[in-house]
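Have a look at the structure below, then the notes.
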Amino acid sequence: MFHVNPEPGAQIHHTDPFATPAGERSPVRRLRGRLAATVTLWTAPGPAGLTVSSTVVAEGQPDRLLGLVDEESDFWAAASAAGRFAVAALHPGHRQLADRFAGLFPAPGGLFATGSWTSTEYGPVPADATAWAGCRLDSSREYGWNLLVEATIEAVELVGDLPPLLHHRGRYRELAN
């Protein structure tokens, strides 16, 4: 004999049932989750891409860009081979795009199969991106469980002024007006 639920529909958890229990989570990871970060898309010729929320721009002579990426990603293989890549700031309309390139959303036909893309020498950029930079790869090194990538910014394009897509405590957020 088996149990039949008399209620229609299914129950969906309001939290991740597979998440590490709160008392066992790393305090450093919890700290990182409390620091809101702009969500960016890094792409390289190939094409390949990766959602990255650990990006820093350092103004100077020359202007520089730093970021933490997954050394085992397709993006890193393509960027290190090409010696260049593009970094696009994502806006709230890019939630599915961010999830697709993070491996959290299906990508039938490949990561670049849907949406409109602008081709650049640094890599494809979402056609509706309001800001992107073309970067020359300078160096990389292991940094924690990531790869610290250092690059020189060679090109910048700014179009429109949509607010950024933010990542905070495991969720996408938007700036409040």
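How much accessible area does V159 have with a 1.4 Å probe, in Å² rounded to the nearest 10?
Rounded to the nearest 10, that gives 80 Å².
Can you tell me, using C-alpha contacts under 8 Å and at least 6 residues apart, the relative contact order of the chain as a whole percent? Mind showing how you got there, number by number?
Values: 323 pairs, mean separation 44.6, N = 177.
Dividing the mean separation by the residue count of the chain yields 25 percent.
Pulled fully out, how much extra length does the chain show between T152 and S80, if you take 0.36 nm times their separation in residues and subtract their Cα-Cα distance?
Computed gain between T152 and S80 is 24.5 nm.
From zero outward in steps of 10 Å, how is the percent of C-alpha pairs of the stretch 56-177 spread across the bins?
Spelled out per bin, shortest first, that is 12, 40, 41, 7, 0.
Show me the GluC sites (Glu not before Pro) within the stretch 119-169 that DSSP assigns to loop and that have at most 16 other Cβ atoms within 10 Å of their Cβ. Display every interim value, and only then the final one.
Numbers: sites: E121, E142, E150, E154, E157; in loops: E121.
Hits after loop and neighbour filter: E121.
Calculate the spin-label point distance for D70 paired with D16, positioning each point 7 Å from the Cα along the beta-carbon direction, and give it in nanometres.
Simple spin-label model gives 1.3 nm for this pair.
How do H91, H167 rank by accessible surface area computed with a 1.4 Å probe, from largest to smallest? Let's see the in-between values first.
Numbers: H91 20, H167 65 Å².
Descending accessible area places them as H167, H91.
What chymotrypsin sites (Phe, Trp or Tyr not before Pro) in the stretch 106-170 are in a loop by DSSP, with at most 14 other Cβ atoms within 10 Å of the Cβ? It would help to have the intermediate numbers written out before the result.
Details: sites: F112, W117, Y122, W132, Y143, W145; in loops: F112, Y122, W145.
Sites meeting the loop and neighbour criteria: W145.
When the Kirkwood radius is taken over all Cα pairs of the stretch 118-177, what Stokes-Einstein diffusion coefficient follows at 10 °C and 1.306 mPa s, in µm²/s? Write down the numbers at each step before the final one.
Numbers: Rh = 14.2 Å.
Answer from the Stokes-Einstein relation: 112 µm²/s.
Between the stretch 26-40 and the stretch 109-177, what is the C-alpha centre distance in whole Å?
18
In deg cm²/dmol, rounded to 500, what helix-only [θ] at 222 nm does the chain give when every DSSP H run of at least 4 residues adds -39500 (n - 2.57) and the total is split over its residues? Mind dumping the intermediate values first?
Values: 3 runs with 24 residues, N = 177.
The per-residue figure over the chain is -3500 deg cm²/dmol.
If R₀ is 22 angstrom, what is the calculated FRET efficiency for the pair R136 and T38, using the beta carbon separation as r and rounding to 0.05? Working shown, then result.
Numbers: r = 21 Å, r/R0 = 0.98.
FRET efficiency, R136 to T38: 0.55.
The values are calculated or read from the model by the stated rules, or taken from the named source; none is laboratory data. What you see is a predicted model, and the numbers here were worked out from it, not measured in a lab. Positions of Cβ are backbone-derived with ideal geometry, glycine not excepted, and every protein chain shown enters the neighbour counts. To get the accessible areas, we keep the full protein, side chains included, count just its heavy atoms, and leave off ligands, DNA and RNA. Shrake-Rupley method; radii C 1.70, N 1.55, O 1.52, S 1.80 Å.
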